[in-house]
Structure formats: structure tokens, C-alpha cells
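S.K.: Got a structure for you, questions after.
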Amino acid sequence: MSKYEKKLIERAVELDKAIDAGDDFTRYVDAIIKKHSDEASIALLKKIGRTIDSTSYDIKVIELSNKLKDDLINYYGYMKVVDICRADKIYDDGKNLEDLLNELSSLIGLANVKNKVNDLIIYQKVQKMRRDNGLHTAKSTLHLSFMGNPGTGKTTVARIVGRIYKKLDLLSKGHFIEVSRTDLIAGYQGQTALKVKKVIEKAKGGVLFIDEAYSITENDHSDSYGRECLTELTKALEDYRDDLVVIVAGYTEPMNKFFVSNPGLKSRFNTFIEFEDYDAEELESILESMCKDNDYILSGQASKLVKEYLAEEILDKNKDKNENENFANGRLMRNMYDDIVMNHAKRVVDIPYISKEELSLIKEEDLGL
């Protein structure tokens, strides 16, 4: 062990004892030395900064914090620390917390989801204030389960959550990695664990979004690769809980079975959010929003026909259980929009001296209904 490593460890232990609030500094330093983790370095620097800025600590704690920062610079070298801090800025889109909350609020529908996420944010903000003031905080995980049909906004909300958690200093980067079974499971025995570790390493500091997570173990009795993946994933959920959010998503019923069959995995998740299907009015708003964002506008008659069509679709869905489970929600509107725009293009392409209004107006015949 080098003298710089030794000094880092000693100072971190001393600071943890002085604050008497767990072993956060020691854990970060341990990850820096053993795993060469940039994420741990960023988290350590941020914790040092919060400690120095806090009005709750005496001069001894402030001095120890500054010395630990100097020890980290001596360990890495000044330019390496600058590079680590610069990398942390890559995932910052310039939006503040209020901007991101407004972005979440502006999503169409999803009232239950917004309430749940806002409750989470309020809770984490208070936990942060308690940490900054040297008070005990719960060691609950940030991992989430999103359940519902396709096209209900699960991926969109997951991205926003990651950026919000970054602003709350709960994640060091806030970036978003989306994977499925094929990204996690290899074709040879023993290779899956390495594949999962690589994905985890890439996702650390941000959000790992696993769509159709139940597919990992849907053939549990014969699929040893799936069990290998789950073992490695469950370990990562615990090991990196301080700087990684894993969000598993999928249809409600398969996700419920997934957690029932894997109680060890379920215990790593604190929050389960149900994404309900959109109603006809919300679906119409989604289509109108797509049109507006792309400089199209529905005529009065076209709007009326869309309303009637969507009301009929919702009615059919509620009558048929199978139809309900396969309802495409936002994807239905995306496909409908793409068809409408193509139909519009075919109708107007040969109009001589076409006006701006004609290039923008969606008529009844463009709907293809």
C-alpha cells in the first residue's frame, strides 16, 4: 500500500468518526483504491463539499474534510481529479430541478405515476437535508419497478427520474442505460456474469432500465443463464445501491410473477409503480401534441373522427381481456400519427402552388379510418 493510499484511508476513517454518521467516507475511499472507481471519487468529492458547506459541523470537521480533499488530489494528481470532475458534467443537460419537475408534470395523463414519483422526490430531498445536518437517514434503496402495458410512458419517466436524482446528488452522473434480456445473457456458461458486470459498470452513477425484466427468468426451470444473470444482478442491486438506480419494467402480471418467484430480488426494491392505460381523451391529446410539435393541425372534422375512433378502441379494449393486455397506448398514437402524415403527403404532393396552410392541415381523408 502506497503512502497516499494509507493517508486516504486514515483520513476517511478519522472523518467518519468525527461526524459519527456511518462509514460513507471510508466506503468511497475503499472503492477508489480497490476498484479505481471514478463514480466513487465523484461521490466522495460531493460529500466533502456538502460537509464543508454545512453549518452543522465544527471547525475540526471542516479541516478534516479539506485535508481529505487534498489527500485525494495527492493520490490521483490534480489533473486526474479535474478530468473526473469534467466527466461528471457530461450528463448534465443544463436543466435545474424545477425544470425537470415541470417536465414530469407536463407529461400527458399518468396522475398516479406523477404522485408516486413526486412523493419519492420529497422524501429524498428531506433525507438529503437530514444528511447535510448530520442526522440519521434511512438506508432504503432507490431501485424501482414500473408495471403496465406498452406505451404508457415508463421509459420516459425513468429518464426523468435519473436526471432528477442527479440534481438531488443521489446519483453521480444521472445517465440512462436501457437493456433487455439479450444485453444481459450470454450464449455460454459462465459468460453471463461477465456480461452483467460490464453493463452494471457502464450504468453506475445513473439509471439501468431493464425492459421486460421477467424475460430474464421466464424459463427458470431450464434456463441456467437466466439464473446466473439474476444472481449477479441481485448482488449489484445491493453493492452499488448508493450510486445506481435499477428500474425493472414490464407487463403487470408477468412482473408480479417475476417478483413472487424471486423474493431475494423483490426485497431490493422499495417502490412499485403501476402505469395505467391512457383514456380516449389522453390519447387524443398525445396525437394533438405530436401534430403540434411537427407543425401539423387537425381540422375540426378530423378531430371529431379521431375522438370517435379512440372512444371505440377504448370500448373494445375494456370488453376484451386479451385486448386490454395488448393495448399499445402511446405506441398506437405514434403509429397513427406516422400513417396520417404519410397519407397527408400523398394527398398534397401534386397540388400546384401549395399554401402553408395546406402543408399543415390534416383533413378527414388523411386519417385512413
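The values are calculated or read from the model by the stated rules, or taken from the named source; none is laboratory data. Remember, predicted model here, so these are calculated numbers, not experimental data. Cβ sites come from the backbone with ideal geometry, for glycine too, and all protein chains shown count toward neighbours.
S.K.: Residue check: is His175 in contact with a Phe, Trp or Tyr (Cβ under 7 Å, 6 or more places away or on another chain), surrounded by fewer than 22 Cβ atoms within 10 Å (Cβ to Cβ) and in the same structural domain as Asn256 (by TED's automatic domain parsing)?
M.R.: When the stated conditions are applied, His175 passes them.
S.K.: Then there is this: Filter the range 130-171 down to residues that are outside any helix (DSSP H, G or I) and β-branched (Val, Ile, Thr) and give me whichever is surrounded by the most Cβ atoms within 10 Å (Cβ to Cβ).
M.R.: Thr152
S.K.: Still on this structure, please answer the following. Looking at the range 18-66, which of its residues are surrounded by 13 or more Cβ atoms within 10 Å (Cβ to Cβ), at pLDDT below 80, over 20 Å from Glu238 (Cβ atoms) and among the charged types (D, E, K, R)?
M.R.: Result: Asp38, single match.
S.K.: Follow-up. Mind listing whichever residues of the range 27-61 are touching a helix residue (DSSP H, G or I) at 6+ places or on another chain (Cβ under 6 Å) and β-branched (Val, Ile, Thr)?
M.R.: Residues satisfying the conditions are Val29, Ile32, Ile33, Ile42, Ile48, Thr51, Ile52, Val61.
S.K.: Answer yes or no: is there a residue in the range 178-189 that is in contact with a Ser or Thr (Cβ under 6 Å, 6 or more places away or on another chain) and of a type in the set (A, V, I, L, M).
M.R.: yes
S.K.: Also, I was wondering about something else. Determine whether Ile362 is outside the structural domain of Pro150 (by TED's automatic domain parsing), in contact (Cβ under 8 Å) with a residue 24 or more places away in the chain and either surrounded by 16 or more Cβ atoms within 10 Å (Cβ to Cβ) or farther than 20 Å from Ile108 by Cβ (or both).
M.R.: Working: outside the structural domain of Pro150 (by TED's automatic domain parsing): yes; in contact (Cβ under 8 Å) with a residue 24 or more places away in the chain: yes; either surrounded by 16 or more Cβ atoms within 10 Å (Cβ to Cβ) or farther than 20 Å from Ile108 by Cβ (or both): yes.
Considered against the rule, which asks whether it is outside the structural domain of Pro150 (by TED's automatic domain parsing), in contact (Cβ under 8 Å) with a residue 24 or more places away in the chain and either surrounded by 16 or more Cβ atoms within 10 Å (Cβ to Cβ) or farther than 20 Å from Ile108 by Cβ (or both), Ile362 comes out as yes.
S.K.: Right, another one. Does the range 161-179 include one or more residues that are of a type in the set (S, T, N, Q), in contact with a Lys or Arg (Cβ under 9 Å, 6 or more places away or on another chain) and over 19 Å from Ala31 (Cβ atoms)? Even if it seems obvious, please write down each step before you answer.
M.R.: Applying the first criterion (of a type in the set (S, T, N, Q)) to the range 161-179 yields 172.
Keeping just the survivors that are in contact with a Lys or Arg (Cβ under 9 Å, 6 or more places away or on another chain) gives 172.
Imposing the further condition that a residue be over 19 Å from Ala31 (Cβ atoms) reduces the set to none.
Scanning the range 161-179, I find no residue that is of a type in the set (S, T, N, Q), in contact with a Lys or Arg (Cβ under 9 Å, 6 or more places away or on another chain) and over 19 Å from Ala31 (Cβ atoms), so the answer is no.
S.K.: Determine if the range 8-23 includes at least one residue that is under 20 Å from Lys173 (Cα atoms), part of a helix (DSSP H, G or I) and not assigned by TED's automatic domain parsing to the domain that holds Lys167.
M.R.: Going residue by residue through the range 8-23, those that are under 20 Å from Lys173 (Cα atoms) are none.
Within the range 8-23 (the criterion being under 20 Å from Lys173 (Cα atoms), part of a helix (DSSP H, G or I) and not assigned by TED's automatic domain parsing to the domain that holds Lys167), the answer is no, since none of the residues qualifies.
S.K.: Same structure, new question: Evaluate the range 196-209: report whether one residue or more is among the β-branched types (Val, Ile, Thr), in a loop (DSSP other than H, G, I, E, B), touching a residue at least 24 places away in the same chain (Cβ under 8 Å) and surrounded by 14 or more Cβ atoms within 10 Å (Cβ to Cβ).
M.R.: no
S.K.: Can you pull out the residues in the range 286-298 that are touching a residue at least 12 places away in the same chain (Cβ under 8 Å) and exposed (fewer than 14 other Cβ atoms within 10 Å of the Cβ)?
M.R.: Asn294, Asp295, Ile297
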